[in-house]
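Written below as structure tokens is the structure these notes are about.
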Amino acid sequence: MHSMNRRAILATGAVALAGAASRSNVAEAQTAKPIFQVAEVTIPIVGEAGVFPVRRIYCIGRNYAAHAIERGSDPNREPPFFFQKPTDAIQNVPIGKVADHPYPSLTKNYHHEVELVAALKSGGTNISPEKALDHVYGYALGLDMTRRDLQNAMAGMKKPWEIGKSFDHAAVLGPIHPASKTGHFTKGAISLAVNGTVRQNSDLDKMIWSVAEQVAKLSEAFELKAGDIIYSGTPANVGPVVKGDVLLCKLEGLPDMSIKIV
Ligand code: MN
């Protein structure tokens with residue numbers, strides 16, 4: 001048929017063009033060098049010489065039930081929602097030190113959110129909750145720092161609230177502890193104190209979506225890969241900090257993490 005021939009010719013042409021393009025891309029990749037260097041983002045690993053290279057930062061929103069009665073068995077729980085922070089927003093905080101954390105620009109209502117962070121050594125799509133923890137390399141304590149006034153203002157206008165979440169130093173993070181040594185975190189006390197007064201105090205078993213379920217749900221929306229980290233949500237009682245405040249984060253089974261707002 002005439003139309004078949006025409007389609008065949010077009011298809012052959014497309015294949016030839018694609019081949020030429022990929023050959024030329026390969027040639028360019030072999031010779032082209034970056035015009036400047038961009039810093040690679042890594043996280044120290046406790047007890048290991050190597051560091052953990054970061055690909056993406058995912059965060060889950062509203063993942064702790066306000067009351068015990070709302071715990072995970074509720075079949076009507078809403079699907080989890082996710083957002084991302086830029087990888088270079090990470091501020092590494094060493095164990096046993098109080099790291100200076102700069103109060104960011106534009107906000108007058110800067111909030112703490114203490115969270116368990118899971119770090120992936122592998123990934124995939126449509127991962128089942130039963131297999132999800134096989135992809136977790138380790139865990140860390142994190143702070144999902146938030147310019148709450150900007151987040152709320154943007155949310156009120158139905159605009160993206162990236163400016164409230166995705167800014168420099170917004171992803172405060174302790175070192176990673178390999179799950180091979182700590183086991184997987186499904187329960188345990190998590191808390192945050194400001195200047196010695198406890199503000200957030202809960203247990204990981206109150207998470208609406210477990211880390212395994214978070215990995216599974218995320219992998220429906222994105223192809224997860226080695227180097228992805230997941231901030232797993234914060235308990236109730238988030239609140240403001242000001243310059244001079246010292247924040248102390250605790251998670252049962254890990255060393256404390258502390259920063260001072262400067
Ligand atoms: Mn958060």
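The values are calculated or read from the model by the stated rules, or taken from the named source; none is laboratory data. If you're wondering where the values come from, they're calculated on a predicted model, not measured in any experiment. Methodologically, a virtual Cβ is constructed for each residue, glycine included, from the backbone with ideal geometry; neighbour enumeration extends over all protein chains shown.
Can you pull out the residues in the range 223-248 that are crowded, with 20+ Cβ neighbours inside 10 Å and under 17 Å from the mean Cα position of the chain (by Cα)? Once the filter is applied, which keeps residues that are crowded, with 20+ Cβ neighbours inside 10 Å and under 17 Å from the mean Cα position of the chain (by Cα), the range 223-248 yields Leu224, Gly227, Asp228, Ile229, Ile230, Tyr231, Ser232, Gly233, Thr234, Pro235.
Taken together, Ile35, Ile60, Ile43 contain a single residue that is more than 16 Å from the ligand (Cβ to nearest atom) and touching a residue at least 12 places away in the same chain (Cβ under 8 Å), which is Ile43. In a residue-by-residue description of the range 249-256, the property of being aliphatic (A, V, I, L, M), within 16 Å of the ligand (Cβ to nearest atom) and in contact (Cβ under 8 Å) with a residue 24 or more places away in the chain applies to at least one position. Among the residues examined, Ala132 does not qualify as assigned to a strand (DSSP E or B), of a type outside the set (Asp, Glu) and under 25 Å from Ala216 (Cβ atoms).
Just one of the listed residues (Pro79, Pro104, Pro94) is closer than 23 Å to Ala216 by Cβ, surrounded by fewer than 19 Cβ atoms within 10 Å (Cβ to Cβ) and either within 16 Å of the ligand (Cβ to nearest atom) or in contact (Cβ under 8 Å) with a residue 24 or more places away in the chain (or both), and it is Pro79. In the set (1) exposed (fewer than 14 other Cβ atoms within 10 Å of the Cβ); (2) acidic (Asp, Glu); (3) within 23 Å of Val46 (Cα to Cα), the condition left unmet by Glu220 is number (3). Within the option set Val262, Val194, being under 16 Å from Leu141 (Cβ atoms), surrounded by fewer than 19 Cβ atoms within 10 Å (Cβ to Cβ) and β-branched (Val, Ile, Thr) holds for one residue only, Val194. Residues in the range 135-164 that are of a type in the set (D, E, K, R), in contact (Cβ under 8 Å) with a residue 24 or more places away in the chain and either touching a strand residue (DSSP E or B) at 6+ places or on another chain (Cβ under 6 Å) or outside any helix (DSSP H, G or I) (or both): Asp144, Arg147, Arg148. Could you please let me know if Val172 is in a strand (DSSP E or B), in the same structural domain as Tyr110 (by TED's automatic domain parsing) and farther than 25 Å from Phe81 by Cβ? Against the criterion (in a strand (DSSP E or B), in the same structural domain as Tyr110 (by TED's automatic domain parsing) and farther than 25 Å from Phe81 by Cβ), Val172 does not qualify. Across the range 197-217, the qualifying residues are those that are surrounded by fewer than 20 Cβ atoms within 10 Å (Cβ to Cβ), out of contact with any strand residue (DSSP E or B) (no Cβ under 8 Å at 6 or more places or on another chain) and over 18 Å from Gln84 (Cα atoms), and the one among them that is modelled with the lowest pLDDT is Asp205.
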